[in-house]
Structures are given as C-alpha cells and as structure tokens.
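Structure first, then comments.
The values are calculated or read from the model by the stated rules, or taken from the named source; none is laboratory data. Computed from a predicted model, the values in this text were never measured in an experiment. Here the Cβ positions follow ideal geometry from the backbone for every residue, glycine too, while neighbour counts run over all protein chains shown. To get the accessible areas, we keep the full protein, side chains included, count just its heavy atoms, and leave off ligands, DNA and RNA. Shrake-Rupley method; radii C 1.70, N 1.55, O 1.52, S 1.80 Å.
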Amino acid sequence: MREKKSAEEIEALERAFKIGYQMHMTAMRMCRPGVVEREIAGRVEGIAKSYGQGVSFPTIVTQHGEILHNHNHDGVLESGRLLLVDGGGESVEGYCSDHTRTYPVNGKFTDVQKEIYNIVLRAHGEVKDMIKPGTMYTDIHRASYLSLADGLKGVGLIKSTAEDAVDAGALYMFMPHGLGHGMGMDVHDLENIGERSFDFSTVAERAAKSATCIHRSTWRVEPGTVMSDEPGIYFIPALIDKWKAEGINKDFINFDKLESYRTFGGIRLEDDIVITNEGCKLLGAKRLPISVKDVEKEMANN
C-alpha cells in the first residue's frame, strides 16, 4: 500500500514540496558571508512548522558538505566556500519532501567548484532520464556512479575508464552513499518496515526472485513509486588519508591531484521524482534553481 502512491498521496507530496520549496528558496537568499549556519537552519525549520507538521528530518545546513549528516550549525559562512542545504518539510497529512542544493557562499562559483558542480548536475539529469517502470535500483545507482566517474576522469581525478573505476569500488571515495531512497509517509519510506528491519540474508533468495521493495538493493521501481535522485561528490580528508596510506584503489584514483581538493567540502543535488507509466517526473509545480546560471542569478542580490 505504501510503495505505490495513489493520486491523493501524490497531492499530499506536492503540498510537502511547496513547503520544501519555501525552505530552500529562503536558505538560498540568506546565504552570504557572515551569516551563521544556525540562522538559516532556524529560519527554514520555522517555515516547515508554520505550513505543516515540521521538518521531515533534521535539517543539514553546513559548509562541511563532506560530512554527510552534519547537524552542527555553528559555522560562520565564509566567502569562497560552499554551503550544502539538505532539508524538507512534512505536509499536514504527514507526507514528506526532501531536497538538497549546494550554494556558493558569495554567490559565485569558482572555476573548480563549477567544474565539480556540473559533474554532479549531469549525473542528476542522466539518472532521471533513464528511470522507467521496472528499472532495478541497482541499475539506477550504477548509472549515477558511471556518470560521476566519467566526469571525474575528465578533470583528472580518475585514471582508468569509468567502468573499471566503478567495478573496482573507487567511486565510494567520492560518493559513499546510495543514489536515492523511497519517499512518502517517511523521508526514507519503508526502510524500517517488516523484512527490511531484519537480517537481509534470511530473505535474499526470495528478494532476488521478487525484486520487491523489501531491500533497497533489490528494489524494482514501478508506477507510483516516489524516490529521491541525489548524486553527490565529496572530498573527505580522513577517507583520502586512509585509502592513500593503505593503497586502496591506487590504480584508479589520482591521489596526487586529490590533495588539492582536501578543503573543497562536498556537493549534493537532490530532487524528488515519481515513477509514471512512461518514465518519471519531478514532484513540484516549479523547480528549485539548480543550474549554475540560475543559482548565481537567484543569489545576485543577497
């Protein structure tokens, strides 16, 4: 019942999107040097409470985007850095939104930031374009990894072909999370319900045959499925040091060039999509600004 959303549920998700839209547009317009992260976090969480049941998960507002769930909001925004905002609201019915945008604090991306940002943006679009009913989540996730690997190869951070890097597990260095998750009455819907909360090995054989939503790795999306599309690239100093010291994926990753990205942070771009009979579409009547041009234009008067 919760896997395939009805028309009424999609309407509730659209209402949640409207809350998320206001949250993120507010965050974007507040983003400028000297602002404390908690000022933005407090403002957007207030919006969520004013128009619905509150936030759909603890809001992430951080210049340390390489920390995937960073809920410390003590940072003071600095020119030249990136601010990652991952947040969403719940409609009065309890349905969720979940979006992520990454903004240049001073309103202008540097050339290096723009380069990495556009790699993530391309993966985000390519994944959306390839999803259709019956697609396995594993194929969706792999497609995002291949796109990111191709982009990283283009800037000299991957030394091999995209396919070889992905097959070797090298992309975990740059995106150590899944491409997306189910959404609905919870922001990670169905992941802690029934068989998903037990040892997966006990149901692996049955899941392989059914490809139902009892586990994200064996999830086949169908019309009415709602999920997030959220590729990212992160430069995590501790992970860089560990892999370099242990020689992990040294044939695939250019560790010498990677050193210059140690203080970069991270970029993630996330929208919510619903699977249709023909393919998929974004939730929401109007999209949050996402291209470099549109983000910079929106921030020009901050």
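Kirkwood-type hydrodynamic radius, the range 209-302: 17.2 Å, calculated from all non-identical alpha-carbon pairs. Applied to the range 160-174, the Karplus parametrisation 6.51 cos²θ - 1.76 cosθ + 1.60 on θ = phi - 60° returns per-residue 3J(HN,Hα) values of 9, 5, 4, 4, 5, 5, 5, 4, 7, x, 5, 6, 4, 4, 9 Hz, with x for Gly and Pro.
Heavy-atom accessible surface of Ile131, to the nearest 10 Å², is about 10 Å², with a 1.4 Å probe and all protein chains retained. Taken along the Cα-to-beta-carbon direction at a fixed 7 Å, the label points for Asp167 and Ser50 span 5.4 nm. Across all directions, the shadow cast by the convex hull of the chain built on its C-alpha atoms averages 15.6 square nanometres.
Once Rh is set to the Kirkwood radius over Cα pairs, what Stokes-Einstein translational diffusion coefficient, in µm²/s, holds for the range 69-158 at a temperature of 20 °C and a viscosity of 1.002 mPa s?
Translational D for this selection: 137 µm²/s.
Using only alpha carbon pairs under 8 Å that are at least six residues apart, calculate the relative contact order of the chain and give it in whole percent.
Values: 627 pairs, mean separation 71.8, N = 302.
Normalised by residue count, the contact order of the chain is 24 percent.
If you sort Lys108, Lys128, Lys281 by accessible surface, 1.4 Å probe, largest first, the order is Lys108, Lys281, Lys128.
Can you quote the Å³ per residue value for the convex hull of the Cα atoms in the range 216-260, rounded to an integer?
Spelled out: Cα convex hull of the range 216-260, divided by residues, is 134 Å³.
Here's how it looks for Leu83: its modeled amide H is under 5 Å from those of Tyr103, Val105, which are all 5 or more places away or on a different chain. Were the residues from Met25 through Glu205 laid out at 0.36 nm apart, the gain over their Cα-Cα distance would be 60.3 nm. For the range 1-90, the relative contact order comes to 34 percent (Cα pairs under 8 Å, sequence separation of at least 6). Note on the range 25-146: dipole from Cβ charges, positive end direction compared against Ala123, Thr135, Ser56; the farthest Cα belongs to Ala123.
Between Ile10 and Val36, the simple label model (points 7 Å from Cα in the Cβ direction) yields a spacing of 4.4 nm. About its Cα centre, the dipole of the chain is roughly 560 debye, where the only charges are +1 on Lys and Arg Cβ and -1 on Asp and Glu Cβ. Rounded to whole numbers, the Karplus 3J(HN,Hα) couplings from phi for the range 60-66 are 9, 9, 7, 7, 9, x, 6 Hz, using 6.51 cos²θ - 1.76 cosθ + 1.60 with θ = phi - 60°, and x at Gly and Pro. Could you work out the Rg to Rh ratio of the range 22-138, with Rh taken as the Kirkwood radius (inverse of the mean 1/r over all Cα pairs)? Here the Rg-to-Rh quotient is 1.01.
Kindly state, to the nearest 0.05, the FRET efficiency for Leu282 paired with Lys250, given R0 = 30 Å and r defined as their beta-carbon distance. It comes to 0.15.
Return the ratio Rg/(2.2 N^0.38 Å) for the range 105-160, where Rg is computed over Cα atoms only. Provide the component values of the computation, followed by the final result.
Details: Rg = 13.4 Å, N = 56, 2.2 N^0.38 = 10.2 Å.
Rounded to two decimals, the normalised Rg is 1.32.
Measuring with a 1.4 angstrom probe and ignoring ligands and nucleic acids, Ser6 comes out at about 50 Å² accessible.
Derived scalar couplings between HN and Hα for the range 42-59 equal x, 5, 6, 5, x, 4, 4, 6, 6, 10, x, 8, x, 6, 7, 6, x, 5 Hz in order, rounded to whole Hz, by the Karplus curve 6.51 cos²θ - 1.76 cosθ + 1.60 (θ = phi - 60°), x for Gly and Pro.
Once both labels are positioned 7 Å from their Cα atoms along Cα-to-Cβ, the gap between Met136 and Lys108 label points is 4.8 nm. Divide the volume of the convex hull around the Cα atoms of the range 1-79 by the residue count and you get 106 Å³ per residue.
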